[in-house]
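Below: one structure, written as structure tokens.
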Amino acid sequence: MTNQVGFGIIGAGMIASWHAEAIKSLANCRLTGVYDPVFPAAQILAEKFGCQAFDSLDKLLSCKDIQAVTIATPSGMHGKLSVAAANAKKHIFCEKPLEITVGKADEIIRACEKNHVLLTPVFQSRFSEPVKKIKAAIDQGRFGKMLLASVQMHWFRADEYYSRSNWRGTWAMDGGGALMNQAVHMIDLLLYLNGEPEEVAAFSGTLTHNIEVEDNLCAAIKYRNGSFGTVEVSTSCAPGFPRRLELAGSKGSVVLEEDKITRWQFTDTLPGDESMVNTQSGISTGGGSAPGNISIAGHAAQLNDFADAILNGKPLFLNGQEGRRAVELICGIYEAAKNGKNVRFTR
């Protein structure tokens, strides 16, 4: 059918099931097949969702019924797989983070530009109704001068979370810990809502888990718009709490807890402001203590935008550069924590 985008999923782990469900839920998307280097895993996923299991990456990428691929593998594999997909003329829907270094993210972007295929990183939080309402208030100037933009992610992950997947908690495949893996969504929201960073300072440590990377990190950010902010992230905080984003300006402040607005106060009160508190969308991107507590609503909303761009030429809401920006800020924070020196970002 020409009014559907045929998808192939690369990777058959936990996140692949959510992508498969999201694809199957949309009229403009069709799940054609799945590939995983562990073929039985691909077979299990394919049987569950009624699609083909491929026993090689080349076979999936050469399938004429597949126009786009979802990259649902360990983060450190995103670059190689995305470049291969781009060279096969497949559009790319890539799980977060886009890659684990800026250089590898750039390789993906260049390959997509060279082959004239679309690239979008998965940042489903941007598609939630609360985030849309906050962005609209910013664009309307309701915050006045932005003063503070901060995030907290006090989550809990048991030792088994890391031990059952040998790539988690490693620099080579995870690219980092609580910041790169879990908090990348919050970093994206800071960039989306408050703009580019100018300078960062940071501290990090591995305090409770037997892993290579950080499980706790705090950073301070100075933004180009003159505002300041902090980033607190952890996978050690029992029992685990909802993520929190706070924006404060000279004329108003907002607090977002997970996918719910819990504070919405402005000096220029408008009709409807009172009803904003507790506005939520059901787009949850991960529980404070249970990594499986994810709704597919956000993935489906972003997939719908992606398919619309492929089928109808509509501009993507999120492109590869957005994914690169998040990786750049995260890597800058890691550099600041490692060296004990502030890191400045060039334009």
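Spin-label model, K145/K89: points 7 Å from Cα along the beta carbon direction are separated by 5.5 nm.
Each of A172 and T346 was given a label point 7 Å from its Cα along the Cα-to-Cβ line. The distance between the two points is 3.2 nm. Measuring spread by the Cα atoms of the chain yields a radius of gyration and Dmax of 19.8, 60 Å. Here the residues F266, F203, ranked from fewest to most Cβ neighbours within 10 Å of their Cβ, fall in the order F203, F266.
Between the residues C112, G8, Q182, the greatest Cα displacement towards the positive end of the dipole of the chain, with unit charges on the Cβ of Lys, Arg, Asp and Glu, is found for C112.
Obtain the nm distance between the two label points defined at S25 and S165 by a simple spin-label model: each point lies 7 Å from its Cα along the Cα-to-C-beta direction. Using points 7 Å along Cα→Cβ, the separation is 2.0 nm. The orientation-averaged projected area of the convex hull spanned by the Cα atoms of region 296-347 comes to 5.2 nm².
For the chain, the longest principal axis of the Cα atoms and the long axis of helix 184-194 meet at an angle of about 50 degrees.
Hey, which lysines would be in cross-link range of K338, C-alpha to C-alpha under 20 Å, not counting anything within fewer than 8 residues on its own chain? Result set, ordered by chain and number: K222. List the relative contact order of the chain as a percent without decimals, with contacts defined as Cα pairs under 8 Å and 6+ residues apart. So the answer I get is 20 percent.
Estimated from the Cβ-Cβ distance and a Förster radius of 45 angstrom, the FRET efficiency linking E335 and D65 is about 0.55.
Going from the residue with the fewest nearby Cβ atoms within 10 Å to the one with the most, W155, W264, W171 rank W171, W264, W155.
Here the dipole of the chain is about 600 debye; that uses its Cα centre as origin and unit charges on the Cβ of Lys and Arg (positive) and Asp and Glu (negative). Stretching L311 away from N225 to a fully extended chain increases their span by 27.3 nm, per 0.36 nm per residue minus the current alpha-carbon distance. Suppose R0 equals 25 Å. What FRET efficiency, 1/(1 + (r/R0)^6) with r the Cβ-Cβ distance, do Q4 and E129 give to the nearest 0.05? About 0.40, to the nearest 0.05.
By the count of other C-beta atoms within 10 Å, a proxy for reagent exposure, K24, K96 are ordered fewest to most as K24, K96.
A short reminder: the numbers here are calculations on the coordinates, not readings from a lab. Since this is a predicted model, take the numbers as computed values, not measurements. Reconstructed Cβ throughout: ideal geometry from the backbone, glycine too, with neighbour counts over all protein chains shown.
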